[in-house]
Amino acid sequence: MARVFNFSPGPAVLPEAVLQQARDELLDWHGSGTSVMEMSHRGKEFMGIATKAEADLRELMNIPANYKVLFLQGGASAQFAMVPMNLLRGKKSADYINTGEWSKKAIKEAKLYGAVNVAASSEAAKFSTVPPQKDWKLDPNAAYVHYTPNETIGGVEFSFVPATGNVPLVADMSSTILSRPIDVTQYGLIYAGAQKNIGPAGLTIVIVRDDLLGQVLPGTSSMFDYKIHAENESMYNTPPTYAWYIAGLVFEWLKKNGGLKAMAEINQRKAGKLYAAIDASGGYYKNPVEIRSRSWMNVPFTLKDDKLDEPFLKGAKAAGLVQLKGHRSVGGMRASIYNAMPEAGIDALITHMHDFMQHNG
Ligand SMILES: *Cc1c(COP(=O)(O)O)cnc(C)c1O
């Protein structure tokens, strides 16, 4: 069976070259006679894989030496709790910006550990916008400011990096990390579940400024203390070794393909084409997000009549385009078009959209 174009929001498409390399190395990694899955995480071979992956990520994202890079488990959802556990640091409350379903979940979890000030919310606008920063009610004494640069479900993306002065900025970058260059020094902490734009599920990456470590809430387990993981190079317990290895292959693939600057150009072009097709359909297809906050990574769209959804998906599947059904909370379609989605996939989707509209006008 041929490979399809997979628009899944996550776990998501991986670069084909990476899958091929993993296949070639599956039974015998570099003459070791073992699979990476079978290696001791403390052995020389895996330590080499782990160190190289971190070095490549640091190079790709230009991560300064005073930031730790952690390879953890538990998904972005565990970070919803670990962030307040580690970063409240005796302060009374933290600021959160509410721009969608993932922000809401982060807020709910943070409330278990401290007071939350929702400094801005676009809930009244059905999460179709990003509130302009001039309207935010930031607390200068907040422990940190948390936001979701790209809301994977709503397809809403910040077109700016919030300015928070001396208050550390925390970002859930699960669905936008590696999609373009960023300035890591603007952040206190960045986290991302791997299964969108990094690698397989089961790995979570945390990038944290080292002065924020070491003030975990009393009674917190070692497993939820960033400092313990940092001191043990993410090997306090057994890390997700195979996912770490595949992430490393993805980092090599990114470096070979021009790094994040090249990705940004391609991603902008891919998303631009798809939004242009939606906007040129005379209302047949619609994206609900304000233009300046449209996501490069997740493009939700509705059809003019939701009775057309099933036939649209059926036709898409027949054309080799899968996982386009929108999130149950939003309905319609959603095309997730991460780094590994080839531009040919976007072109094929646009062709299907045109054809479907012609035959179901
Ligand atoms: C997918 C996603 C999550 C949840 O990730 P898990 O790894 O399943 O916990 C959180 N935040 C954002 C922005 C996401 O896209």
* (1) outside the structural domain of residue 191 (by TED's automatic domain parsing); (2) of a type in the set (A, V, I, L, M, F, W, C); (3) touching a helix residue (DSSP H, G or I) at 6+ places or on another chain (Cβ under 7 Å): which one isn't true of residue 12, the others all being true? -> (3)
* If we scan the range 47-61, do we find a residue that is more than 16 Å from the ligand (Cβ to nearest atom), in the same structural domain as residue 241 (by TED's automatic domain parsing) and over 23 Å from the mean Cα position of the chain (by Cα)? -> yes
* Within the range 66-106, can you find the residues that are more than 21 Å from residue 243 (Cβ to Cβ), basic (Lys, Arg) and more than 16 Å from the ligand (Cβ to nearest atom)? -> 89, 91, 92
* Leading residue by the ranking (nearest to residue 341 (Cα to Cα)) among those in the range 254-274 that are in contact (Cβ under 8 Å) with a residue 60 or more places away in the chain and charged (D, E, K, R) -> 270
* Being in the same structural domain as residue 53 (by TED's automatic domain parsing) and over 22 Å from the mean Cα position of the chain (by Cα), is that true of even one residue in the range 167-182? -> yes
* To do: Return yes when residue 308 is aliphatic (A, V, I, L, M), more than 22 Å from residue 100 (Cα to Cα), touching a strand residue (DSSP E or B) at 6+ places or on another chain (Cβ under 9 Å) and surrounded by fewer than 20 Cβ atoms within 10 Å (Cβ to Cβ) and no when it is not.
  => no
* Any residue in the range 275-297 that's surrounded by fewer than 13 Cβ atoms within 10 Å (Cβ to Cβ): show its pairings with residues that are of a type in the set (S, T, N, Q) and part of a loop (DSSP other than H, G, I, E, B) at Cβ separation under 8 Å, as long as the two are six or more apart or on different chains. => 292/159
* To do: Kindly provide the set of residues from the range 1-49 that are hydrophobic (A, V, I, L, M, F, W, C) and exposed (fewer than 15 other Cβ atoms within 10 Å of the Cβ), ordered by number.
  => 1, 2, 26, 27, 37
* Given the structure, is residue 187 away from the ligand (no atom under 16 Å from the Cβ) and of a type outside the set (D, E, K, R)? -> no
* Structure fact -> Expected output for the range 239-253 (first residue of a type in the set (S, T, N, Q), partner in a loop (DSSP other than H, G, I, E, B), Cβ below 8 Å, 6+ apart or cross-chain) is 241/39; 241/41
* If you take the residues of the range 311-346 that are closer than 15 Å to residue 8 by Cβ and among the basic types (Lys, Arg), which of them is surrounded by the most Cβ atoms within 10 Å (Cβ to Cβ)? -> 334
* Has the range 123-139 got any residue that is touching a Ser or Thr at 6+ places or on another chain (Cβ under 8 Å), in the same structural domain as residue 252 (by TED's automatic domain parsing), within 16 Å of the ligand (Cβ to nearest atom) and without any contact (Cβ under 8 Å) to a residue 60 or more places away in the chain? -> yes
* Wholly within the range 1-89, which helices (runs of 4 or more DSSP H) include no fewer than the required count, namely at least 1 residues that are touching a residue at least 60 places away in the same chain (Cβ under 8 Å) and at positive phi? -> 75-87
* Whichever residue in the range 306-333 is part of a loop (DSSP other than H, G, I, E, B) and in contact with a Phe, Trp or Tyr (Cβ under 7 Å, 6 or more places away or on another chain) and, among such residues, is farthest from residue 354 (Cα to Cα) -> 323
* Taking the residues in the range 193-212 that are within 15 Å of the ligand (Cβ to nearest atom) and either assigned to a helix (DSSP H, G or I) or among the hydrophobic types (A, V, I, L, M, F, W, C) (or both) as candidates, determine which candidate is surrounded by the fewest Cβ atoms within 10 Å (Cβ to Cβ). => 201
* Hey, can you tell me all the residues within the range 131-152 that are among the acidic types (Asp, Glu) and either assigned to a loop (DSSP other than H, G, I, E, B) or touching a Gly at 6+ places or on another chain (Cβ under 8 Å) (or both)? => 139, 151
* Asked: So, of the residues in the range 151-184 that are buried (at least 24 other Cβ atoms within 10 Å of the Cβ) and over 24 Å from residue 15 (Cα atoms), which turns out to be farthest from the ligand (Cβ to nearest atom)?
  -> 170
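The values are calculated or read from the model by the stated rules, or taken from the named source; none is laboratory data. Values in this document were obtained by computation on a predicted structure and should not be read as measured data. Glycine gets a Cβ as well: all are built from the backbone with ideal geometry, and neighbour counts include every protein chain shown.
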